[in-house]
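Below: one structure, written as structure tokens.
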């Protein structure tokens with residue numbers, strides 16, 4: 001495949017992984033009757049009422065991130081590396097649920113931090129307002145990760161604060177994958 005086609009394929013794999021994860025994350029949260037978006041972590045969906053939905057969807061996200069990273073190798077080696085790390089983190093979160101303690105936490109940190117840092121590399125490739133928004137979203141996610149790690153939830157609960165890490169990363173990654181697909 002030539003570079004142009006691998007970029008398009010890589011962006012489609014990333015977009016497909018993000019979309020399926022976003023859909024099934026929300027389905028799992030709706031189906032699990034005891035789940036609280038505010039008071040339960042996102043990974044809590046992987047241990048109680050809906051582990052088959054959440055764990056499979058985040059493992060698929062991780063696999064698609066890895067495939068996307070491999071396809072985008074010619075686009076940027078640093079981008080590929082961070083996407084591979086994020087994909088390994090996402091898949092690891094689904095394979096090693098919260099019952100695995102520190103192992104789960106290590107994969108969760110990779111899954112959250114890698115895309116936040118990756119937003120800056122995406123921004124450097126698209127020097128326009130949209131690119132700057134991606135850097136801003138990554139910065140929001142990093143700030144939320146620091147607040148989450150320090151236990152400062154500002155009344156949002158640990159689940160709410162965790163979503164302030166996830167949602168900005170999803171937003172910029174959705175936009176980036178669409179922009180990369182359409183880039184000439």
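Read-outs: derived from the displayed coordinates by stated rules, not from any lab. Keep in mind that what you see is a predicted model, and the values were worked out from it rather than measured. Quick reminder, even Gly has a Cβ in these numbers, built from the backbone with ideal geometry, and neighbours come from all protein chains shown.
For the pair residue 39 and residue 52 in one chain, pulling the backbone fully straight at 0.36 nm per residue adds 2.6 nm over the alpha carbon distance.
Shape class of region 62-162 from the alpha-carbon gyration tensor: oblate, with a/c at 1.5 or above and b/c at least as large as a/b. Label sites at residue 20 and residue 154, each approximated as a point 7 angstrom past Cα along Cα to Cβ, lie 3.4 nm apart.
Take every Cα pair under 8 Å whose residues are at least 6 apart in sequence, average their separation, divide by the length of region 3-182, and the relative contact order is 26 percent.
Between the helical axis of 102-125 and the longest alpha-carbon principal axis of the chain there is an angle of about 30 degrees.
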